[in-house]
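Structure record follows, encoded as structure tokens.
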Amino acid sequence: MLLQATLAFLAFGLCASSVYLLNYLLDLPVDRAHPTKRHRAFATGTLPIRHGLALIPILLAAALALTLLLPVSFLGSLALYYRLTCAYSLRLKRMVLVDVLTFTVFYTLQVIAGAAATGVVLSFWLLTFSMFLFLSLALVKRYAELLLMQQEQQDETAGCGYRLADLETLSQFGITSGYLAVLVLVLYINGDTVGTQYRHPEVIWLLCPLFLYWISFVWLLTRRGRMHEDPVLFAIENRRSHWLFALMALIVCRRGSGSGYPATYLCQSSTVRPSDFSTPPSTGVTRPGSGKKPCTTSPFSTRRTASATGTASTGPRGFFSTNAWYRRPRAERRSMKSWSVPPGPAPALSWRY
């Protein structure tokens, strides 16, 4: 998996470099009039334009060569990224709000491509969290550019269509989007799956104030005019961000890690199998003569799995309820964790008719 992740990182970097060179060459007139972009190598003439034109196909060919060692799904994600980036360079970047939404898709596609290369199954929660977080960062980029235009006493950003009157609106959009990303994280932590995936799920709650602090810190610096035009570059260079990300990784890897089991695994009888059911469990009907029913209660939460029972979730909800598993007596928790786990693959939690 590490080798595949490294190859995917190199392939995506080469592909992005190729299309960024194309974008730089298309934006040369605008960059030469920009307060900071006019110092770029192509804008100043340090690098000849013909060198950039020659590097574009070379970098793209190198990226395609690396994709031969990766799954086909990664190639599809990379191709979609390249086409969207070309569309952004030619047209989408001149459309108000469409440009930041396109940036959000760019960043989210990188997550999807990484999962395709390594074989990791993406969840709805991760994609939703990434969407709101990357939208906030894209709005940081546009806000910083517009604030620079204000300092240069220009009323409109070149080629983007934003005006100085849009500063407060962009700020509201970006801060709200960042906080929505934290809200998605809160809902995920309070869901059913976390209790079966982490040994100490209550510790994962510490991620929420850390993310709230980082989002607020980024936007505070942006409003003060101390933000780079690229928020990703800021996150790489800022030392405070380094400490926050290291602390988040420590919480997930050291305190929250552990081996959890799906709800139907944790049964008091090791003889329960999906073959024991002639109809989907949602109907509540078992095979005649078997008398077996699925075990749908996770020892890490008092919530019942609605997809396996066909009924609404019952019992107290969440990690902070008085009847949550970690608030029960120690002897009871030990007996709950010591339930037998049937060997073999995990039975599916849902059946198709």
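Calculate the FRET efficiency for Q150 and T36 from the Cβ-Cβ distance with a Förster distance of 22 Å, rounded to the nearest 0.05.
Taking R0 as 22 Å, the efficiency between Q150 and T36 is 0.95.
Using a simple charge model, +1 on the beta-carbon of Lys and Arg, -1 on the beta-carbon of Asp and Glu, nothing else, what dipole does the range 82-212 show about its Cα centre, in debye to the nearest 20?
The dipole magnitude comes to about 400 debye.
Within the range 193-207, what residues put their amide N at less than 17 Å from the label point 7 Å along the Cα-to-Cβ vector of L250?
The answer is 203-207, whose backbone nitrogens lie closer than 17 Å to the label point.
Need the full-extension length gain, L84 to Q172, defined as separation in residues times 0.36 nm minus the C-alpha distance. One decimal, nm.
Additional length available on full extension: 29.0 nm.
If I model a spin label as a point 7 Å beyond the Cα along the Cα-Cβ vector, how far apart are those points for S73 and R224 in nm?
Taking the simple label geometry, S73 and R224 are separated by 4.3 nm.
Tell me which residues come under 5 Å, amide H to amide H, from H34 once H is placed; ignore anything under 5 positions away on its chain.
Correct list: empty.
Testing the spin-label approximation: label points 7 Å from Cα along Cα→Cβ at L210 and L97. State their distance in nm.
Computed distance between label sites L210 and L97 equals 3.5 nm.
Values quoted throughout were computed directly from the atomic coordinates according to the rules given, and no laboratory measurement underlies them. Since the model is a prediction, treat every value here as computed from it, not as a measurement. Heads up, the Cβs are rebuilt from the backbone with ideal geometry, glycines too, and the neighbour counts pull from every protein chain shown.
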